[in-house]
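Taken together, the values in this text are just the output of simple stated rules run on the coordinates, not laboratory data. What you see is a predicted model; the values in this text were computed from it and never measured. Using ideal geometry, Cβ is built from the backbone for each residue, glycine included, and neighbour counts are taken over all protein chains shown.
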Amino acid sequence: MKVLLVNGSPHEKGCTYTGLQEVANALENNDIETEFLWLGIEPLAGCIGCNACLKTGKCFRNDIVNDFLNKVPDIDGFVFGSPVHFASSSGALTSFMDRAFYGRRKLFENKPACCICSCRRGGASATFDQINKYFSMSNMPIVTSQYWNQVHGTNPDEVKRDLEGMQTMRTLGNNMAWLLKCIDIAKKSGLEYPKNEGVVKTNFID
Ligand SMILES: Cc1cc2nc3c(=O)[nH]c(=O)nc-3n(C[C@H](O)[C@H](O)[C@H](O)COP(=O)(O)O)c2cc1C
């Protein structure tokens with residue numbers, strides 16, 4: 001089983017990475033394979049709402065979003081990490097998530113996911129809520145920890161000294177590993193995924 005950890009920070013090995021790495025270590029200690037995907041520092045375009053992806057399954061902009069979408073079928077669980085930028089996720093991660101999740105419930109459903117946030121001082125819980133919303137409308141089980149998934153610091157050393165934050169990361173990794181194993185056992189024993197009616201879209205009009 002494999003978990004993909006997406007780093008939405010402009011710093012490849014910064015605070016967000018430090019938190020993600022602690023989650024990854026816990027997963028590896030539970031025999032779950034991990035892979036990192038860093039979004040980088042080049043501009044990452046947002047969704048333009050052209051709906052081309054609804055027909056093709058891919059974004060018309062052939063960039064890291066499509067690279068990610070190609071990986072999804074082989075991934076069992078996801079961890080998305082972001083620094084807190086003005087009490088929200090980074091612009092790059094927001095653009096990435098908007099384009100990756102738009103119209104793709106079928107691709108992601110039943111795959112466990114969670115997010116972690118890194119901030120100096122405040123805005124982590126707002127960011128946590130923001131990122132969790134992608135999962136909670138995609139039929140994805142959200143993995144939780146002993147606290148909201150946040151670490152604090154302005155550099156990796158400070159993050160490592162946030163002992164409660166780092167413990168929260170390890171607990172998150174352990175919980176994700178446990179849920180993945182439960183799902184694996186359920187699948188092997190013949191338990192089917194929940195039946196899905198298909199979404200009734202009303203726009204509140206009728
Ligand atoms: C544009 C920008 C906005 C930020 N906004 C916040 C904020 O709202 N709250 C906060 O506590 N820290 C804020 N920070 C600090 C970072 O969230 C924090 O240092 C984080 O741990 C950096 O993670 P990184 O090393 O992965 O980039 C901001 C940093 C930047 C660059």
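Remarks
- Taking residues in the stretch 157-176 that are over 12 Å from Y147 (Cβ atoms) and acidic (D, E), and partners anywhere that are within 14 Å of the ligand (Cβ to nearest atom) and part of a helix (DSSP H, G or I), the pairs with Cβ atoms closer than 8 Å and at least 6 places apart or on different chains are E158/C15.
- Answer residue from the stretch 1-36, given it is touching a strand residue (DSSP E or B) at 6+ places or on another chain (Cβ under 7 Å) and among the charged types (D, E, K, R) and is nearest to the ligand (Cβ to nearest atom) among those: E12
- Residue that is nearest to the ligand (Cβ to nearest atom), among those in the stretch 81-133 that are of a type in the set (K, R) and crowded, with 18+ Cβ neighbours inside 10 Å: R99
- Which numbered condition F78 fails, given (1) surrounded by fewer than 21 Cβ atoms within 10 Å (Cβ to Cβ); (2) more than 16 Å from the ligand (Cβ to nearest atom); (3) outside any helix (DSSP H, G or I): (1)
- Extreme residue, nearest to G165 (Cα to Cα), among residues of the stretch 14-57 that are among the charged types (D, E, K, R) and in contact (Cβ under 8 Å) with a residue 24 or more places away in the chain: E22
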